[in-house]
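The values are calculated or read from the model by the stated rules, or taken from the named source; none is laboratory data. Keep in mind it's a predicted model, so treat the numbers as computed, not measured. Ideal geometry is used to build each Cβ from the backbone, glycine not excepted, and the neighbour counts take in all protein chains shown. To get the accessible areas, we keep the full protein, side chains included, count just its heavy atoms, and leave off ligands, DNA and RNA. Shrake-Rupley method; radii C 1.70, N 1.55, O 1.52, S 1.80 Å.
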Amino acid sequence: MFDALSEKLQATLSDVRQRGTLTEDDVNAAMREIRLALLEADVNFKVVKSFTASVKERCLGADVVGALNPGQQVVKIVDEELTALMGGSSAGLAFAPRPPTVILMAGLQGSGKTTATAKLARFLKENNDSSVAVAACDVYRPAAVDQLVKVGGQVGATVYEKGTDENPVDIARWALDQAKQDGKDVLIVDTAGRLHVDESLMEELKEIRKAVKPTSILLVVDAMTGQDAVNVAEQFGEAVNFDGVIMSKLDGDARGGAALSVKAVTGKPILFASTGEKLDQFERFHPDRMAQRILG
Ligand code: GDP
């Protein structure tokens, strides 16, 4: 992940670091390199433009030009701006004042939503000691209910399901009642995806939202689809105001454009990263650590 971007940024910054003093031309040349590296990493072009503009402004305004050892300052500025680009200090998941906390999972078919539902259940059990139930409301995709029963069982979550014949809104409402009765701390509701963002998908999500009044709506997007993932997140955001992103399949995304663009484009932070098919390959997303990883 981020390999090419990392290599190019490190090369540019190492050049900058080696210079005794920096002129405005040097800064401009470095910004050109950074701009190209980000564009090649499939970062949204508007995001690239504003990113390099703020790095440049800070470099020129921070007595970097003409200073002794200015390279370190440039590296620090790029590090801070990359961190800010991905959301700044890592955002946390909201919990309801009175349980159960209800998390509604949204996303396109194939984005990794059902997998992420089980992974999040496991994460909350392990890290928060929560008792977690998951609700199978994806009644359209063949085998989605069976899949959730399987992976939910593997992580020790209670799975509320009613097969594929009932209405997903009724299932969600019933699952919430069950979660309350069973004294669960968290209920994660897996919903249907489609191949594209469409009206009926959004309507159903809105109805489920009305029925269960979720504490958070999390959108699962597939990092491997690059800027398409960002566009999908933007379209979802226009229709249903989600709270945060789970970036899936980061392990298969060599470039990193979606992870670097989605917060700037949608205003919503990445809360979790899914980094493989195994159920424990799931972690909190920390923008500062990610920036450091990129800069080496
Ligand atoms: P859904 O249709 O959105 O519910 O998607 P699924 O959860 O069924 O996932 C679709 C495919 O992506 C499955 O084969 C998953 O094993 C795979 N998958 C999900 N998350 C990840 C991930 O983080 N990394 C990789 N490599 N594969 C993933």
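Rounded to a whole number, what % of the accessible area of segment 108-234 do carbon and sulfur atoms account for, probe 1.4 Å? After summing per-atom areas, the C and S share lands at 43 percent.
Would you list which lysines come within 27 Å of Lys268, measuring only between C-alpha atoms, while excluding same-chain residues fewer than 8 positions from it? Counting by Cα, and skipping residues close in sequence, Lys268 has these lysines nearby: Lys46, Lys49, Lys56, Lys76, Lys113, Lys119, Lys125, Lys206, Lys210, Lys213, Lys249, Lys278. Taking Cα atoms only, the orientation of helix 199-212 departs from the longest principal axis of the chain by about 70 degrees.
Determine the dipole magnitude for segment 25-180: charges of +1 sit on the beta-carbon of Lys and Arg, -1 on that of Asp and Glu, nothing else is charged, the reference point is the Cα centre, and the result goes in debye to the nearest 20. Please report the intermediate quantities before stating the final value.
Numbers: 17 positive and 19 negative charges, 64 e Å.
Magnitude of the dipole: close to 300 debye.
Taking the Cα centre of segment 145-203 as origin and assigning +1 to Lys and Arg Cβ atoms and -1 to Asp and Glu Cβ atoms, the resulting dipole is close to 240 debye.
With both partners inside the chain, how many of the DSSP beta bridges are antiparallel, as a percent to the nearest 5?
Values: 3 of 31 bridges.
The answer is about 10 percent antiparallel.
Taking each DSSP H run with n ≥ 4 as -39500 (n - 2.57) and averaging over every residue of the chain yields -16500 deg cm²/dmol at 222 nm.
When segment 121-166 is described by a simple charge dipole with +1 on each Lys and Arg Cβ and -1 on each Asp and Glu Cβ, the residue from Phe123, Ala144, Val134 located farthest towards its positive end is Phe123.
On a per residue basis, the chain carries 46 Å² of accessible surface, using protein heavy atoms and a 1.4 Å probe. Between 0 and 90 degrees, the angle of helix 3-18 with respect to the longest Cα principal axis of the chain falls at about 30 degrees.
Take the Cα of Asp165, step 7 Å toward its Cβ, do the same at Lys278, and the gap between the two points is 4.0 nm.
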